[in-house]
1. Hey, among the residues in segment 301-312 that are more than 11 Å from Cys244 (Cα to Cα) and under 29 Å from the mean Cα position of the chain (by Cα), which one's surrounded by the fewest Cβ atoms within 10 Å (Cβ to Cβ)?
2. Scan segment 107-123 and report the pairs whose first residue is in a loop (DSSP other than H, G, I, E, B) and whose second residue is surrounded by 15 or more Cβ atoms within 10 Å (Cβ to Cβ) and aromatic (Phe, Trp, Tyr), with Cβ atoms within less than 7 Å and a gap of 6+ or a chain change.
3. Which numbered condition in (1) in contact with a helix residue (DSSP H, G or I) (Cβ under 9 Å, 6 or more places away or on another chain); (2) β-branched (Val, Ile, Thr); (3) part of a loop (DSSP other than H, G, I, E, B) is the only one that Ile89 fails?
4. Could you tell me whether segment 51-65 includes any residue that is of a type in the set (Ser, Thr, Tyr) and in contact (Cβ under 8 Å) with a residue 24 or more places away in the chain?
5. Of all residues in segment 154-186, which are in contact with a helix residue (DSSP H, G or I) (Cβ under 8 Å, 6 or more places away or on another chain) and either surrounded by 20 or more Cβ atoms within 10 Å (Cβ to Cβ) or among the hydrophobic types (A, V, I, L, M, F, W, C) (or both)?
6. Which members of segment 282-321 meet the condition of being in a loop (DSSP other than H, G, I, E, B) and out of contact with any His (no Cβ under 9 Å at 6 or more places or on another chain)?
7. How many residues, within segment 29-55, are closer than 30 Å to Ser224 by Cα, of a type in the set (S, T, N, Q) and modelled with pLDDT of 95 or more?
8. Could you list, in sequence order, all residues of segment 61-78 that are in contact with a helix residue (DSSP H, G or I) (Cβ under 6 Å, 6 or more places away or on another chain) and at pLDDT 90 or above?
Amino acid sequence: MGYAKVLVGVLFLFITLATTSAAFNCTTTKNSTCHSLVGYVSPNTTLLSSIQSLFQIKRFHDLLGANGLNASTSSNPTVQANQTIKIPITCRCENGTGVIDSPPEYKVIKDDGLFHIAAEIFSRLVTFQEIAEFNNIPDANNITVGQVLRIPLPCSCDEVDGVKVVHYAHVVQPGGSVDQIAAEFGTTTPILLKLNGMTSATDLQPYQVLDVPLKACTSNVNTSSLDYPLLVANGTYAYTANDCVNCKCSSLNNYILQCEASGLKPSSKTWSTCPAVHCNGTSSLYLGNVTTSTNCNQTFCAYSGFNNKNIFTTLATESTCPAGGPTGSPTSSPTSSPGSDASKTGMQGFRWNFLFISIQLIFLCFTLS
């Protein structure tokens, strides 16, 4: 059994080496926050409200919007096992890394371990080492029942090649490829490789957390607005202006943000009711109304922001012609240099090969002993 103990130690060593950080680079220097998304893969059939509770999302309609779900179809949709739900979070940059502004808290129960919490409760969106470091736990094997842990979900606020995007944390499933993920989320393989510090698509590992830039719709929100920049990712919608305005993003609308009055009660106590959203002070034209449409252009009443007193609109003209592809998509080729983070990730395949060999040796040793 002496050899088995040695090999067990080797196994844990390679598990540590093979476990890569889920944190994303975030170098934006402005003292501001942004909206990001993380992809939670539900381990079992549950209700959307249960996922809301796990991630402590304050407003249920924010979770509906992040997944493009119609609130009128079901008040509490069922989520199937292995279904991915996008979780909206607020992010800020700190020391070159994206940090969730209000991390969800998890209370340890009997038989919990940090690896179980990271891998199974939070579907590998974080590593157990990151949970330990974030909560100042010196020994990852020593947590107690009732202990409250803050979960550092990955995020970023950075532009990608000069383009504002919504960063999405995607957990790679077995059999996934960089090309397939790029096609699914409307980006390119070179962008994913560069953004995630990978030298080759073969570096991709199962359950790796990939930083995926989602294209956001263009908007008319001005820089003085309290919600600037309003970034809404393709296939999602968001409430803004104290929940009085609902803005949707769709590739079917040429990635032009479509906003209208939400019909909800205002979330701010400063407003007793949502103000009527007239366009440029007119009484007959409301937010979202189209005034003229000629050939491939249309003029419509667009949302342009809000402050503590008012909601602002503007007349905007946008092209509605079918585009040859998403405009404004960031494009670049991956770059790397010896000793860079990109070259370091090439070691991942080596680490996993040794991990699998170690497991086989342990099983063999136990069989022979």
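1. Asn308
2. Listed by first residue and then by second, the contacts come to Ser123/Tyr40.
3. (3)
4. Taking segment 51-65 as the starting set, the residues that turn out to be of a type in the set (Ser, Thr, Tyr) are 53.
Going one step further and asking which of them are in contact (Cβ under 8 Å) with a residue 24 or more places away in the chain, we end up with none.
Looking for residues that are of a type in the set (Ser, Thr, Tyr) and in contact (Cβ under 8 Å) with a residue 24 or more places away in the chain, one finds none in segment 51-65, hence no.
5. Step one: of segment 154-186, the residues in contact with a helix residue (DSSP H, G or I) (Cβ under 8 Å, 6 or more places away or on another chain) are 160-161, 170, 172, 177-179, 181-182, 186.
Across segment 154-186, the qualifying residues are Val160, His170, Val172, Val178, Ile181, Ala182.
6. Restricting attention to segment 282-321, the residues satisfying the condition of being in a loop (DSSP other than H, G, I, E, B) are 282-285, 287-289, 295-296, 307-310, 320-321.
Scanning segment 282-321 gives Thr282, Ser283, Gly288, Asn289, Asn295, Cys296, Asn307, Asn308, Lys309, Asn310, Thr320, Cys321.
7. Just the residues of segment 29-55 that are closer than 30 Å to Ser224 by Cα, to begin with: 29-38.
This time we only want the ones that are of a type in the set (S, T, N, Q), so: 29, 31-33, 36.
Then drop every residue that is not modelled with pLDDT of 95 or more, which leaves 36.
Going through segment 29-55 one residue at a time, the tally reaches 1.
8. Taking segment 61-78 as the starting set, the residues that turn out to be in contact with a helix residue (DSSP H, G or I) (Cβ under 6 Å, 6 or more places away or on another chain) are 63, 71, 76-77.
Of everything in segment 61-78, those that are in contact with a helix residue (DSSP H, G or I) (Cβ under 6 Å, 6 or more places away or on another chain) and at pLDDT 90 or above turn out to be Leu63, Pro77.
The values are calculated or read from the model by the stated rules, or taken from the named source; none is laboratory data. Since the model is a prediction, treat every value here as computed from it, not as a measurement. Note that we place each Cβ from the backbone using ideal geometry, even for glycine, and neighbour counts take in every protein chain shown.
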